[in-house]
Every structure is written in C-alpha cells, then in structure tokens.
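Below is one structure, written out as structure tokens; comments come after it.
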Amino acid sequence: MSDDIKGKDKSLITRRKFLAGLTAGAAASALPAGEAGAYAFEELFRQHYKRLDADDLKDILAKLEEELSFKYGKEVHAKATPPLDNTVFGYALDLSRCIGCRRCVYACVRENNLSRDPQIHWIKVLEFQKGNNKWQGLEHSNRYYEPEQVPEKGRFYVPVQCQQCKKPPCVKVCPVQATWQEPDGIVVVDYNWCIGCRFCMAACPYGARSFNWGKPSILKEEFNPDIHYLGNRPQYKGIVGKCTFCIQRSRQGKYTACVEACPVGARKFGNLMDPNSEIRYVLENMKVFRLKEELDTNPKFFYFFSMGTGVKS
Amino acid sequence: MVIDAINGILRTVVTGSREYKAWVGFLSLLALVGIVFVFRQIDQGLIATNMRDEVSWGWYIANFTFLVGVAAAAVVLVIPYYIYDFKPIGEIVLIGEIMAVAAVSMCLMFIVLDMGSAERFWHLIPMIGIFNFPQSILTWDVVVLNMYLVLNLTLVIYALSKIYAGKSYKTKLIMPFIFFSVPAAISIHTVTAFLYLGAPARPFWNTAVLAPRFIASAFCSGPAFMLIIFQIIRKTTKLKIADEALHKVAEIVTWCMAVNLFLLGSEVFKEMYSATAHIEPFNYLWNGLRGHSQLVPWIWTALIVNSIAFLILIIPSIRKNFFMLNIACAFIFIGVYIEKGMGLIFPGFIPGTLGEIYDYMPNAMELWISLGVWAIGLLIFTIGAKICIAIKTGEIGHADPSAHH
C-alpha cells in the first residue's frame, strides 16, 4: 500500500550533468504566448520532485526561467542544486547578542521571494520581558513589538525559524510526501505537490510553516532572480512554505541571508560534519540549548548565550 | 423491472406534500448560496476566510469533526438490531445508514473545501499520486472514511433492492458486511481523533482520552438527531416506528452522555490538578486567557445543555415523555456541536506554538459555505430517506409492509 519514494532519487543528478543541462536550457527560445496555457496544464499534472528524471527537471527549470524572466523582467537563473557530500547544515543563534532589529526577517523575505501582500515571514522574532517571565515554552511572547529603538530596556529577543528537526513532525504527517528531509538535513517542500491541507502546520511545534492564504505578490524590482526549485522560487496560492536554510545559497557554500544581514553577528551557520566549521566551534565551546527539547524533535538549530550579562541596556 | 424501479424512484423524489417540496426548495436555495461563496473562495484563496497561520484550521474542520460523529448514528442502530436482534429497530436501521452516508459525504465536502490546492487531489490517490501510508494519519482517515461511505451506501442499496423485490435482505452474503460496519464506525472516530491527539505540538489535543471521548460524544450526537427525525418521519409518512425503538435509542444516548461527561471530568482534573504550562489552551477555552475569552460563553453553554440533557435522560419516566426527550436531543445536538467543533479545534491552536493568541471566529463566508454543505447533506438524507420509506411501505415495489425484513 505504501508508495514510499525513498531510494528512487533519480533526480539527484550530479552537479556536472546538471550544469550541462542548464546551458542547454538557456539556449532554448523564449516561451511563445500561446504556450502559457500548455504550461499551466503541465503544472497541473507535474510529477513529484523525486519522480522527475534529469531531463524532466531540466525542461521544468528552463520553462520556469522563461516564465519568471518574462513576468519579472529580469534574467532568472533556476537551479536544483543537489545536496553536497558529507554535509549536514546546522545553525546557532547567540541570544545575548540579538537586539531584535528584525533585519534578518526582511533579508529573508527578500532573498526568498516571500509574498509582500499578504506579508509572509519565515523568521519570527519574539520579544520577552526579562525576569519574571515564562519564555522557555515560548509562552508570553510578543511578536508585534514596535518601539522607537531596539533593544528596549528590560527586554530580550528570541528569533524563531524552521529548526530543521532531525525528527520532523511535519514530514511525518504530510499525506502526500510533499515535504521531506534532504540528505543535508534541510526540510524542503515541493510547491507543486503540496495539496494545502495544513496538517504540517498543526504538527510543527515552532510555528515555522507559513501558508499562502492568498495569491503571493512580489514587486518586480525586489524580485531575486537566483532561485532554487526547492527553495526561493515564487510560491503559489494555497500551499505551504518554510525556511530552507537558504538552500539556493547554502548548497553553493554561501551563508544564509539572515546570517549575512545580522548586524551584531548573533547568527552562526555551517556544516556540522566539518570539525573546523564555525558551527562546530559553537557547539563545542558554548553551552547550547534547543527549543522544546521535551518534544524530542532533535532540532539542528541551537541557541546560546556568549555573554553572561546579555545586551547592555 | 429496473426501468420500473427507476421510474418509481424518480416519481417518489419529485412528488410529495407541500411541506416536502418547500423543505427541498429551501435546502436547494441554501446550497446554491453556499456554492456562490465557494466560487469566491476559489478565486481569492483561503485568505477569504478568517483562518491564518496561527489558527490554520477553523470552522470547516470543526464541522468535519462533528459530522464524523454524526455518522455513528448508523452503528447505534446496527448493534441492537443485528447483534442483539432487537426487532423494533429493524424499521429504522436503514434510515440510520442513509444518515451515515449523508454525514460522511458532508465530511468529505468539508475536507475538500479546506484544502488550499484541491485541484491536486489526485496526489492522494494511491499508485497514481503518493499516498503517505501508514506514516500520515490523514491517509488513514482517507481510507476509513471512504470505506465507511462505500460500505453504508452498498448496504442501503442492496437492502432496498431486495425489499423492492419483496425478499429478505438479511442474506449470508451481506451479513459479514453488516457486522463489519460496527468496527468500521469505531475506526472513523478513532482515526479522526488520532489526527489531533497525534500532534504533541498541541498540548490541548495531545491526550489519550480524546479517542474514547470522540466515540462517546459521537454515540450521543448522531442518535439524538435521529430521534427527532424518526418522530418527524412517523408523523409525516406511513412508516411505523414503535415507541420501544425510540426508547431503546434514547437509553443508549443516555449512557454515552454519561461516559462523555465522565471523560470530560477526567480531562478537567488532569489539567487543573497538574496545572502545568500546558493548561493555557484549557484556560483560554474555559476561563479566558490574558484578556481573550470569546470561547468561554460557548463552552459553558455546551456544558450546561449537555448536563441538563443528561439529567432529563437519566430518569426513565421523564425520558419516555417525548416532549422532554426532544428537548434533551436538541440540547445534546447543540452541546456536542459546540464541544466537538469550535471547543476542540480552535483552542488546539490558541495560544499558538509561539505563544500568540489569535482570536479566531469564522466569518460570514465560512458560515454560508458551511450552511451550504449542511443543506446538501440534508438533501442527500431527505431524498434517500424518502426513497427508502416509499420502498419499505410498498408504495413502490413489492414489499410486504407488515414483515420485519
């Protein structure tokens, strides 16, 4: 009865073959107007990402580039970079440094082509009061703080995004395997396979999944043309999206957008398998903890305090 | 013969008293209004509802959950009739099964309405799509609900065609399926409860008592509804329904409500005596939390009407008074609708996993669409029951109305 598709990773093509495919795709001519309907038809019957073979994927990426280049008036580069060998990504966030400025939130929105209207955020920064305050279970948080200046006296901030659990409850509950964990530990969603039932959102303990309640909209001038099929390509109305550790960047050896945007260096990211990585340094030298450990979801997202006193206020 | 039968059935559906025609017309109108709003929802997306990321399931899933319970009506009749051979219920068991068909149809409509990308439903079809079985409990629900629908539909059609021909339908061929409908009914409640209780991210749902409570409240709400319907049927049609049959069903409802209230008490004790941080959704529901208390009047109404209904039912002499019985049934229907719908689904999400309180209530569009679904479900039931009664009373076909089939 089970249609488990593990082990049928025909699509995990090698990098070289993939690059060859890209050049071929770029050579194809622009999409004639009459074919737009045919494209929508193809989308309706498109197979699951893991069931696409290398040629299918190449065609789909080429069509995606044409369609989006036309729509946003920029040259779009669509990739499906496979996971890197011997790589599992991990993240650590220094709560003693975070000032709650939300630059990470908006860098994420822009990098990942998230809808501006309705507004979707994959990172949520929670504000808590210092002292007599429940925050370990994330109760009594305030997501909508709006002071003149941050950090505010007597407050501290906990940014939350997908914790990239090793035992992801969201993946288990998906009725159609539209979301899964890649070999590098990133939990991804196939935006063309998700049926929009939102069971994953009920199952996620970290509020990390966002549903496209309406038709996503992105301004032409703000569109990021470097996209990944499983990451920052534009999403559709009626499907769920989530943080992918900027799969389009991390699989090319770059930092995520939120790491780069952080003005105080609170965000650390890297390969957990590499003993010399920054993330390994943090795990080995700091006292780290994870959110909602009692649920045993085993996140690859860690929190720590590098300074005992916190931000001066 | 077949053409005669189809003619007879069509004639039965289109002819009837003025009240029947008004009722069908009224339901059709409601269904139409609902469909108009469905087009608006398809056009704008689910943003047209009041649901948001913090409360990602709302009124549709609440109705779905309640209606899975109503589908139990059938099994409450099947058990005494077939297993204990309690003959008076033989007249009404088929109507219970038609109710199950209508209720499960409504469940499926609510699920499709709640899907963000319903045009991709084929992804759920085993072999063609990817059916994440057995990991995803939602796939189990797809299996058991469809199985229960097909099972009841088959049993009803088989029985009616036999009765139409003037024969007994309790054949060796069909009995195993009738017996199987009992565990099948239990399975739809259990699996639906598992959808929620299998989510440790939501402490309000993550309680083992949820599944037994689902079954207990289901065995109250469906039969309570049926008890009122049976009295309407015996007043407006030639079908004879004995008082004993109704009293037996009322007795079953009584003890199921007792179990339901007992299980509620267990939950209240567990939450209040433990008094951990996980009590927050419970407090939101019963007392209000940090100034948010919109569900409080609803849940207390549910508790009060369920308790009054139980007090009416527990005393046999009062229970046997049809006026009092009908009050109890109406109260149970309202009470369980609140408790198992908004009282179960909304607080699962409030406060959210990041501590946010989003006061969800359905908007007018969600209410109209849901009314439309109810109207379609009641149309299925009304027409199904009318055909069933016409065949059973020998108005069409060759049934012997005096025989117990």
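The values are calculated or read from the model by the stated rules, or taken from the named source; none is laboratory data. None of the values given here were measured: they were computed from a predicted structure. Neighbour counts run over all protein chains shown; Cβ positions are idealised from the backbone, glycine included.
Annotations for the structure displayed:
- Boolean, B:VAL104 is more than 14 Å from chain A (Cβ to nearest Cβ) and buried (at least 24 other Cβ atoms within 10 Å of the Cβ): yes
- Among the candidates A:LEU272, A:LEU230, residue that is more than 22 Å from A:LYS79 (Cβ to Cβ), more than 8 Å from chain B (Cβ to nearest Cβ) and not basic (Lys, Arg): A:LEU272
- Any pair with Cβ under 6 angstrom, 6 or more apart, that starts in segment A:182-194 at a residue that is within 14 Å of chain B (Cβ to nearest Cβ) and ends at one that is among the aromatic types (Phe, Trp, Tyr) and buried (at least 21 other Cβ atoms within 10 Å of the Cβ): A:ASP190/A:TYR49
- Failed item, numbered, when A:LEU114 is tested on (1) farther than 30 Å from A:ASN276 by Cα; (2) assigned to a loop (DSSP other than H, G, I, E, B); (3) touching a strand residue (DSSP E or B) at 6+ places or on another chain (Cβ under 6 Å): (3)
- Meets criteria (within 14 Å of chain B (Cβ to nearest Cβ), within 24 Å of A:LEU126 (Cα to Cα) and of a type outside the set (S, T, N, Q)) for A:MET201: yes
Condition check ((1) out of contact with any strand residue (DSSP E or B) (no Cβ under 6 Å at 6 or more places or on another chain); (2) crowded, with 18+ Cβ neighbours inside 10 Å; (3) away from chain A (no Cβ under 14 Å); (4) of a type in the set (A, V, I, L, M, F, W, C)) across all residues:
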{"residue": "B:ALA201", "(1), (2), (3), (4)": "yes, yes, no, yes"}
{"residue": "B:ILE233", "(1), (2), (3), (4)": "yes, yes, yes, yes"}
{"residue": "B:THR237", "(1), (2), (3), (4)": "yes, yes, yes, no"}
{"residue": "B:VAL249", "(1), (2), (3), (4)": "yes, yes, yes, yes"}
{"residue": "B:THR254", "(1), (2), (3), (4)": "yes, yes, yes, no"}
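- Number of the condition not met by A:ARG280 [criteria: (1) among the basic types (Lys, Arg); (2) at the interface with chain B (Cβ under 10 Å from one of its Cβ atoms); (3) in a helix (DSSP H, G or I)]: (2)
- Residue match in segment A:149-170 (condition: free of Cβ contacts under 8 Å to residues at least 12 places away in the same chain and surrounded by fewer than 23 Cβ atoms within 10 Å (Cβ to Cβ)): yes
- Counted residues, segment B:38-62 - those being surrounded by 17 or more Cβ atoms within 10 Å (Cβ to Cβ) and basic (Lys, Arg): 1
- Positions within segment B:41-58 being out of contact with any Phe, Trp or Tyr (no Cβ under 9 Å at 6 or more places or on another chain) and of a type in the set (D, E, K, R), in sequence order: B:ASP43
- Qualifying positions in segment B:277-291 - in a helix (DSSP H, G or I) and either basic (Lys, Arg) or buried (at least 21 other Cβ atoms within 10 Å of the Cβ) (or both): B:GLU280, B:PRO281, B:TYR284, B:LEU285
- In segment A:126-140, residue nearest to the other protein chains (Cβ to nearest Cβ) [restricted to those that are under 23 Å from the mean Cα position of the chain (by Cα) and closer than 11 Å to A:PHE156 by Cα]: A:LEU126
- Annotation for segment A:245-264: no member residue is under 27 Å from A:ARG143 (Cα atoms), among the small types (Gly, Ala, Ser), touching a Pro at 6+ places or on another chain (Cβ under 7 Å) and in a helix (DSSP H, G or I).
- Residues in segment A:86-136 that are modelled with pLDDT of 95 or more and of a type in the set (Phe, Trp, Tyr) were compared, and the one that is nearest to A:PRO234 (Cα to Cα) is A:TRP122.
- Qualifying residue in segment A:209-224 (condition: touching a residue at least 60 places away in the same chain (Cβ under 8 Å), under 23 Å from B:ILE42 (Cβ atoms), within 16 Å of the chain's Cα centre (by Cα) and not in a strand (DSSP E or B)): yes
- Residues satisfying the criterion are present in segment B:362-376 (criterion: modelled with pLDDT of 95 or more, in a loop (DSSP other than H, G, I, E, B) and either surrounded by fewer than 24 Cβ atoms within 10 Å (Cβ to Cβ) or of a type in the set (A, V, I, L, M, F, W, C) (or both)).
- When the residues of segment A:255-291 are filtered to those that are surrounded by 17 or more Cβ atoms within 10 Å (Cβ to Cβ) and polar (S, T, N, Q), the one that is farthest from A:VAL88 (Cα to Cα) is A:THR256.
- Flag set for A:VAL171, criterion: in a helix (DSSP H, G or I) and over 28 Å from A:ASP117 (Cβ atoms).
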